[in-house]
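Trainee: To start, I am sharing the structure in question, which I have written as structure tokens.
The values are calculated or read from the model by the stated rules, or taken from the named source; none is laboratory data. What you see is a predicted model; the values in this text were computed from it and never measured. With ideal geometry, Cβ positions are generated from the backbone for all residues, glycine too; neighbour counts draw on all protein chains shown.
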Amino acid sequence: MSSFEKVYEDIFNDIDLIEPKPILKWAGGKTQLLDVLKEAAPKKFNKYIEPFFGGGAFFYSLSPSNAVIADSNEELINLYNVVSKDVESVIDELKVMPNDKDFFLDVRAQDTSTLSEVERAARMIYLNRTCFNGLYRVNKQGKFNVPFGNYKNPNICDEDKLRSASNLLKRTKIIHGDYKQVLREYAEPGDFVFLDPPYLPISEYSDFKRYTKEQFYEEDHIELANEVKRLHELGCHVLLTNSNHPLVHELYSEFNISVHQTKRNISSKGGKRKGEDVLVKVEPKRNIIVVPDEIQLHQQVEKYPSTRFMGSKANLLKHIWGVASQFDFDSVADIFSGSGVVSYMFKAQGKEVFSNDYMALSSTFTKALVENNKSKLTEKDLNKLLTLDVETDNFVSSTFKGLYFSDEDNAFIDQVRTAIPYLNNKNKQALAMSSLVRACMKKRPRGIFTYTGLDRYNDGRRDLQLSLREHFIEAVNIYNDAVFDNGQNNKSRHGDAMTARRKADLVYIDPPYYSPYSDNEYVRRYHFVEGLAMDWKDVDIQENTKTKKFKNYPTPFNSRQGAYNAFDQLFKKHKDSILIVSYSSNSLPTKSEMLEILSNYKNNVEVVSVNHKYSFGNQGNKVGQNKNDVEEYLFIGY
């Protein structure tokens, strides 16, 4: 790293330490009420939502890790979007904009439709910093019409403040839209909604409106109050500010209302600068699931062997445990275990775990590390696997010659798969097979078997240079290190989740996702290692296919109606257990349909959203074009 790059990096590290603050002066901003608002805010919440955003003083003060902000002012939302994505270009524009009345009038008169997004963002900050009192006001044609402020030395370009705000806005969903639309789409149980609408009465406090071409009348306040009551029923925390007006007290009489003295900084007459703000505090009507900010997983979880297994929930473990930890339970059934990492996490947290999957390789993983509490592969075991003098059937060497691995690697697979049954217990056999499966997946550039060829995607990385023998020995050590005893009688099953009869206090369901954007064919991706885990018994290889795959297992999750019916059956079957269901926003059934099905069997139904990016793109799309940015949902029924 050059000295210049080091200085530049240090600057941005320092920016991370600066407390974010509003980048605009805003009429009706909540700076004066911050202490009151912070005191009234919930200590824990899932997501922060502010749909009348304006200057965002409260948002910057809270600096939430998961937030949705919105406003009907298009120029305002453009500003925040640009600052979040390209703050340096905004800074460059502002640096050359002078505090000059003629320049101000020229900028004010600009047709924004002719400007770039960056130019529009810089224009808004410039006008805000140099106009009278930082007002934002437009006429009926939507033209900015606040006069020049004649300030001696306004801070037009506060670089540190802009960069600090950018860091916070980068992790925030920013929306241009009506507050009702935003709340209907994003508000969920456990969320914290802050509402700072245009104040009542319209005539007396007109300068406190969000100045857009739209207006906000008394009937709008009545409609807003109805929305607040809906949020209350939904299970949200709500804080709402307004003026101390009789209609406000009438509309929110059932909630906690407090009155606070404030100053009206935009009135030209000193006698009218005092005011009283009302704060309405709305608690959720019912118990809600709130995921803690700091979630602690047992350090053992970190030892689980990593894979690139499709749909693995390794990156969501803290969210899953954050939800599950709200309940009192001793046993868990993970009925679509997949990579096995969720079962392993629950085992590490001290729970009795029943793990199930219809894929043989998945149930092999969990037999090795969830059911198995003590067995490890010894040096003697490893030597037997590597050198046992047994006659092999050369099945892999002949069937898959030239498709996935070299002749040497294929011969090694045949050697180990033939020697595994000679180990003295089932758990050791599972450890050895899991290690061999992992070795095969690591040796493949993308960990999958949907294409053939030995050199495709070979970019020289270490995993592709090691032999399968070297990968296998490494995997044995990794799996041995992950074996531990949690003192519980854990079990692993290979079978259909629809027929699993095991009862548990909590049932975690992570089925194949049915989506119109991508397939859920695990067998197509992993047919080679799935066949390996089964030793190709009862497998009908499709010899006419280039990859020598075999038929997909039948599953109801291959169609929308099939998935809908399967969820209904599963929820009915496990209606006496706490249910946690992982599902995706780009999958079907829809979120509302899932909530409806779950509500048939559970009195309390909630959903927690998690931003997530899947490592697999969709069929027929380039990586940069696919729709793998989604909301991962955790549906909870109790």
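Trainee: Kindly check whether there is at least one residue in the stretch 427-442 that is modelled with pLDDT of 85 or more, on the phi < 0 side of the Ramachandran plot and touching a Cys at 6+ places or on another chain (Cβ under 9 Å).
Mentor: So far as the stretch 427-442 goes, no, none of its residues is modelled with pLDDT of 85 or more, on the phi < 0 side of the Ramachandran plot and touching a Cys at 6+ places or on another chain (Cβ under 9 Å).
Trainee: Can you name every residue in the stretch 528-541 that is at negative phi and out of contact with any Phe, Trp or Tyr (no Cβ under 6 Å at 6 or more places or on another chain)?
Mentor: V529, E530, G531, L532, A533, M534, K537
Trainee: Which condition does K572 not pass, out of (1) at negative phi; (2) surrounded by 15 or more Cβ atoms within 10 Å (Cβ to Cβ); (3) of a type outside the set (A, V, I, L, M, F, W, C), if it passes all the others?
Mentor: It is condition (2) that K572 fails.
Trainee: Could you go through the stretch 380-392 and let me know if any residue there is at pLDDT below 95 and touching an Asp or Glu at 6+ places or on another chain (Cβ under 8 Å).
Mentor: Within the stretch 380-392, one or more residues are at pLDDT below 95 and touching an Asp or Glu at 6+ places or on another chain (Cβ under 8 Å).
Trainee: Here is a check on your reading of the model: is M498 within 30 Å of the chain's Cα centre (by Cα) and farther than 18 Å from V523 by Cα? Give the steps one after another, and end with the answer.
Mentor: Working: within 30 Å of the chain's Cα centre (by Cα): yes; farther than 18 Å from V523 by Cα: yes.
Yes, satisfied.
Trainee: Related question: Which pairs turn up if I take residues in the stretch 159-174 that are outside any helix (DSSP H, G or I) and look for partners that are of a type in the set (S, T, Y) with beta carbon separation below 6 Å, at least 6 apart in sequence or on another chain?
Mentor: I174/Y80
Trainee: Hey, could you check the stretch 285-337 for residues that are at pLDDT 85 or above and aromatic (F, W, Y) and say which is nearest to M498 (Cα to Cα)?
Mentor: Among those residues, the one meeting the criterion is F336.
Trainee: Residue check: is I295 of a type in the set (V, I, T), surrounded by fewer than 19 Cβ atoms within 10 Å (Cβ to Cβ) and farther than 18 Å from E352 by Cα?
Mentor: Yes: the conditions hold for I295.
Trainee: Which one of these is part of a loop (DSSP other than H, G, I, E, B) and either among the β-branched types (V, I, T) or free of Cβ contacts under 8 Å to residues at least 40 places away in the same chain (or both): N150, N155?
Mentor: None of the others qualify; the one that does is N155.
Trainee: Run down S434, S362 and say which single residue is small (G, A, S), closer than 30 Å to L316 by Cβ, under 29 Å from the mean Cα position of the chain (by Cα) and buried (at least 19 other Cβ atoms within 10 Å of the Cβ).
Mentor: Unique residue meeting the criteria: S362.
Trainee: Follow-up. Within the stretch 392-404, can one find any residue that is closer than 27 Å to V341 by Cβ and aromatic (F, W, Y)?
Mentor: Yes; the residues of the stretch 392-404 include at least one that is closer than 27 Å to V341 by Cβ and aromatic (F, W, Y).
Trainee: If I go through the stretch 398-413 residue by residue, how many of them are farther than 24 Å from S306 by Cβ and buried (at least 19 other Cβ atoms within 10 Å of the Cβ)?
Mentor: Residues flagged as farther than 24 Å from S306 by Cβ and buried (at least 19 other Cβ atoms within 10 Å of the Cβ) within the stretch 398-413 amount to 2.
Trainee: When only residues in the stretch 493-507 that are buried (at least 17 other Cβ atoms within 10 Å of the Cβ) and not basic (K, R) count, which is nearest to R438 (Cα to Cα)?
Mentor: H494
Trainee: Could you please tell me which pairs satisfy a Cβ distance under 8 Å, a separation of 6+ or placement on different chains, a first residue in the stretch 582-602 that is within 21 Å of A333 (Cα to Cα), and a second residue that is part of a loop (DSSP other than H, G, I, E, B) and among the small types (G, A, S)?
Mentor: S584/S515
Trainee: Within the stretch 345-357, track down each residue that is in contact (Cβ under 8 Å) with a residue 60 or more places away in the chain, buried (at least 24 other Cβ atoms within 10 Å of the Cβ) and not basic (K, R).
Mentor: Hits for the stretch 345-357 are F346, V353, F354, S355, D357.
Trainee: I've got another one for you. For the stretch 81-90, indicate whether the set of residues that are closer than 26 Å to F216 by Cα and at pLDDT 95 or above is non-empty.
Mentor: Yes, some residue in the stretch 81-90 is closer than 26 Å to F216 by Cα and at pLDDT 95 or above.
Trainee: D389 passes all but one of (1) surrounded by fewer than 15 Cβ atoms within 10 Å (Cβ to Cβ); (2) under 36 Å from the mean Cα position of the chain (by Cα); which number fails?
Mentor: The one condition D389 does not meet is (2).
Trainee: In this structure, does I125 turn out to be touching a helix residue (DSSP H, G or I) at 6+ places or on another chain (Cβ under 9 Å) and not in a helix (DSSP H, G or I)?
Mentor: no
Trainee: Which of (1) outside any loop (DSSP other than H, G, I, E, B); (2) at negative phi; (3) surrounded by fewer than 17 Cβ atoms within 10 Å (Cβ to Cβ) is the odd one out, the single condition Q110 does not satisfy?
Mentor: Just one mismatch for Q110, condition (1).
Trainee: Would you pick out the residues in the stretch 317-338 that are assigned to a loop (DSSP other than H, G, I, E, B) and either of a type in the set (A, V, I, L, M, F, W, C) or more than 19 Å from the chain's Cα centre (by Cα) (or both)?
Mentor: Q326, F327, D328, F329, D330, I335, F336, S337, G338
Trainee: Examine the stretch 508-524 for a residue that is in contact with a strand residue (DSSP E or B) (Cβ under 7 Å, 6 or more places away or on another chain), surrounded by 14 or more Cβ atoms within 10 Å (Cβ to Cβ) and of a type in the set (K, R), and state whether such a residue exists.
Mentor: Taking every residue of the stretch 508-524 in turn, none turns out to be in contact with a strand residue (DSSP E or B) (Cβ under 7 Å, 6 or more places away or on another chain), surrounded by 14 or more Cβ atoms within 10 Å (Cβ to Cβ) and of a type in the set (K, R).
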